[in-house]
1. Within region 407-420, does at least one residue satisfy the condition of being touching a residue at least 60 places away in the same chain (Cβ under 8 Å) and under 29 Å from the mean Cα position of the chain (by Cα)?
2. In region 390-399, which residues are without any contact (Cβ under 8 Å) to a residue 24 or more places away in the chain and in contact with a strand residue (DSSP E or B) (Cβ under 9 Å, 6 or more places away or on another chain)?
3. Please specify each residue of region 543-564 satisfying the condition of being under 30 Å from Phe495 (Cα atoms) and either crowded, with 21+ Cβ neighbours inside 10 Å or at pLDDT below 95 (or both).
4. Is it the case that Glu614 is within 28 Å of the chain's Cα centre (by Cα) and in a loop (DSSP other than H, G, I, E, B)?
5. Can you confirm whether Asn330 is open to solvent by 10 Å² or more (accessible area, probe 1.4 Å), polar (S, T, N, Q) and within 18 Å of Gly573 (Cβ to Cβ)?
6. May I ask you to list the residues in region 208-225 that are open to solvent by 40 Å² or more (accessible area, probe 1.4 Å) and charged (D, E, K, R)?
7. Residue under question is Lys161, and the condition is that it be of a type in the set (D, E, K, R), touching a helix residue (DSSP H, G or I) at 6+ places or on another chain (Cβ under 6 Å) and surrounded by 18 or more Cβ atoms within 10 Å (Cβ to Cβ); does it hold?
Amino acid sequence: MKTKVIKKTIYFVCTLLAVISCDYLDVVPDNVATIEYAFKNSVAAERYLYGCYSYRPQTGDILSDPAMTGSDETAQRYVVVELGTRLTTWSGSRIVRGEQNPSEPLMNIWDGNRSLWVGIRDCNIFLENIEGVRDVMEHNRRRWVAEIKFLKAYYHYHLMKRYGPVPIIDVNQPVSAGVKEVQVYREPIDDVVNYVVGLIEEAIIDLPEAQEIVEGTEAGRVDKLIARTLKAEVLLFAASPLFNGNTDYSGMVDNQGRQLFPQTYDPDKWKKAADACLEAIEACHAQGKRLYNQTDPLLINEHELLQRQTNYRQTICDRWNSELIWGGTNNNCGILARVATPRIVVMSPTTLTNFTSEWSPTLSLVNKYYSANGVPVEEDREWAANGWYQNRYALRPEPSSGDEIYYVKENEKTVYLHFNREPRFYASISFDKGIFFGCGYNTFKDVKHCEYMNPRVSGILAGDAFSISGYGAKKMSHYKNTQQYDRATWEYFPFPVYRLADLYLMYAEALNEADGPVDEIFKYPDLIRERVGLEGIADAWTKYSTNPEQINTKDGRRNILHRERAIELALEGKRFWDIRRWKEIEAYNEDPMGWNIMGEVPEDFYNPVSLRRESVRFTVKDYFWPIKESNLFVNKNLIQNYGW
């Protein structure tokens, strides 16, 4: 709704945004566009509070979260339209194909009516007016103020992740402010981090405990555990190479002569991050949070191997479970289920379910999963002795048998790469001839196997959506989802913005960089591995790795812990940000690989091919988004990100 009459009590930061509408949230009725109405009583104020929540980035949303489709974990099919133009459905895929640009930035959260600056503006309006609402109970007022402070911190942090140094908008400028007052500056990274952390610490005081949140009416609202976890993650980012002594951005100096990136590495930042992670972990434990590890009663009579992999899937898909710290309620899990689940039932070539598997894991991700011994396949002694790694892309002559039938359909053949892998691989990735438990099948004997090599089933011949790599993201598919001959249904779950395993791995990484004790570094990653039946890191590397000395060096442990994050948190949107904060963007320069899905026989299908048609080279500039060029013309105090 366009506001034509705005009273002087309303503030704005329009020059910062260059072209931002001063529209109000939908809580303000048409023709009554006044702040007084929005805060006339507690009911109206609470609606305004919920409006401030509405700006949350849609973490886990396949359409709007760049981290879900913009990393090297997955690839997306090309859509061919008239005149040979090729389009992509998801903007995240366009980023990884090198299409980001400063004139019309992809997935831009700086500009527009729903930009995070508008969200911050509305948070400031709330803080400026909530004290004047007389019928709000004091405990509610304190809680609401704490929630708004958290949201302000969260929005500044998300802007920092995408753009690096950003302005700090602690209060809105009045309408009467002059041009110079509203032409704000980007602040140095350390100042932004200190501001965000300070707001979070203020918020924690009055936020409710996690156990006090009412699931039916308050699910998704922030609590102390969420705030402590956010603080830990912010400090982890601040300690990471992208923000800690990054000399690649030594030229990022504003017209006041201020250096926006710290040029000196500070090891104490890792200690601060480790302390914040441990504080959050201990608070989670005190509130009853624990790694999810329970067997659904429907699976009690199934084989242990089937139970284990299904249990791991349910870590994500079992709504509001014990491991979940913050569940995102503003994404579309139905779309996620649709693009993660393969077609299993097709009654005719023209009748297709709307499950598609077009969110396609790459061979890069598949190769990252450990062997059954819990070490990388490229350094597993057993794999080396048997030639499995050297022949990983070759068809294994022996069909599946014994316990293998819980991973690969009995008496079917597939490549060596799909045998002798860890449980998380089988729980997370669907592959040709692999077992896919669920989709309406309640017992193992009814389970179907995937047929990515069958064009009729995969959807290629029907011209419909399909997996471009020959893999599917099983991890995001609830085992109770169902497919019928012409329709599909799926179970709702809130996407895990934060879960306990993520926090455990953040702590391990920070502690290693802070030179903490080795036993403590591996303590929580070992619990994560134990859940899926793997030995601890030290034991596994000592027994099975061709490079056991890794556990004894800081660099070696770093490599192990980075891989642990890549495996445990695969397909959850974490790697997109990890490879940026670790300054490993060069990983994008390797072509995403998958199988030749047009191959009609195994010898042709199991042939690795590139899934990217563009010639792309990612460099230092690609760690951050470009600021839209029009903003720089309006506000001369802003400087563009390096390379754009």
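The values are calculated or read from the model by the stated rules, or taken from the named source; none is laboratory data. Only a predicted model underlies this, so the values are computations on that prediction, with no experimental measurement involved. No Cβ is skipped: glycine too gets one built from the backbone with ideal geometry, and neighbour counts run over all protein chains shown. Accessible surface areas use protein heavy atoms only, side chains included; no ligands, DNA or RNA. Shrake-Rupley method; radii C 1.70, N 1.55, O 1.52, S 1.80 Å.
1. Checked region 407-420: at least one residue is touching a residue at least 60 places away in the same chain (Cβ under 8 Å) and under 29 Å from the mean Cα position of the chain (by Cα).
2. The answer is Arg396, Pro399.
3. Arg557, Ile560, Leu561, Glu564
4. Yes.
5. yes
6. Hits for region 208-225 are Glu209, Glu212, Glu215.
7. It is false that Lys161 is of a type in the set (D, E, K, R), touching a helix residue (DSSP H, G or I) at 6+ places or on another chain (Cβ under 6 Å) and surrounded by 18 or more Cβ atoms within 10 Å (Cβ to Cβ).
Okay, residues lined up against (1) at pLDDT below 95; (2) more than 25 Å from the chain's Cα centre (by Cα); (3) not in a loop (DSSP other than H, G, I, E, B); (4) not polar (S, T, N, Q):
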{"position": "Arg143", "(1), (2), (3), (4)": "no, yes, yes, yes"}
{"position": "Tyr155", "(1), (2), (3), (4)": "no, no, yes, yes"}
{"position": "His158", "(1), (2), (3), (4)": "no, no, yes, yes"}
{"position": "Lys180", "(1), (2), (3), (4)": "yes, yes, yes, yes"}
{"position": "Arg186", "(1), (2), (3), (4)": "no, yes, no, yes"}
{"position": "Leu199", "(1), (2), (3), (4)": "no, no, yes, yes"}
{"position": "Glu202", "(1), (2), (3), (4)": "no, yes, yes, yes"}
{"position": "Ile205", "(1), (2), (3), (4)": "no, yes, yes, yes"}
{"position": "Val222", "(1), (2), (3), (4)": "no, no, no, yes"}
